[in-house]
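The values are calculated or read from the model by the stated rules, or taken from the named source; none is laboratory data. What you see is a predicted model; the values in this text were computed from it and never measured. Cβ atoms come from the backbone with ideal geometry, glycine included; neighbour counts cover every protein chain shown.
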């Protein structure tokens, strides 16, 4: 029986599993959305949510930062976690992440998932926004093409002179 045996081993020894979770959490806080296998995602969720809960602390903030620094080695990500992510989830009592199942991976059939922080959902652009952006991009391209055509002419003349001098 598996009484009081909580976590998945993920086919790794303990230090390797802890390093894996730390790396996944670092990537999640940096990008706010990562793609991984479903068992890894399910193990990452409580690990990452515990770190976010520490980042929300108002009292004893320095101690909380040091506790997070045990697991997240990158100071810029810890700063982001405490400044922006902690503030984003300040009023939320828990449930900071979402797991979206993607289906089996083509190579080995492993069940894949996306882990994302709430508030960082993908927002497709409407047709109006796409049209505006394309028009804005087209204008600089036209200017660049004109400049390139002007630059090409003097180079061509220089080559002719070099060819005739030989």
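For region 53-107, which positions are within 18 Å of the chain's Cα centre (by Cα), within 21 Å of residue 18 (Cα to Cα) and without any contact (Cβ under 8 Å) to a residue 12 or more places away in the chain? Correct list: 75, 76.
Selection of region 33-66 for residues being within 25 Å of residue 109 (Cα to Cα) and touching a helix residue (DSSP H, G or I) at 6+ places or on another chain (Cβ under 8 Å) yields 34, 36, 40, 43, 44.
Quick check, is residue 34 at pLDDT 95 or above and surrounded by 14 or more Cβ atoms within 10 Å (Cβ to Cβ)? Yes; evaluated as a whole, the condition is true for this residue. Checking each residue in region 1-36 for being in contact with a strand residue (DSSP E or B) (Cβ under 6 Å, 6 or more places away or on another chain) and touching a residue at least 12 places away in the same chain (Cβ under 8 Å) picks out 28, 32, 33, 34, 35. Exactly one residue out of 69, 21 is in a helix (DSSP H, G or I), surrounded by fewer than 18 Cβ atoms within 10 Å (Cβ to Cβ) and touching a helix residue (DSSP H, G or I) at 6+ places or on another chain (Cβ under 7 Å): that is 69.
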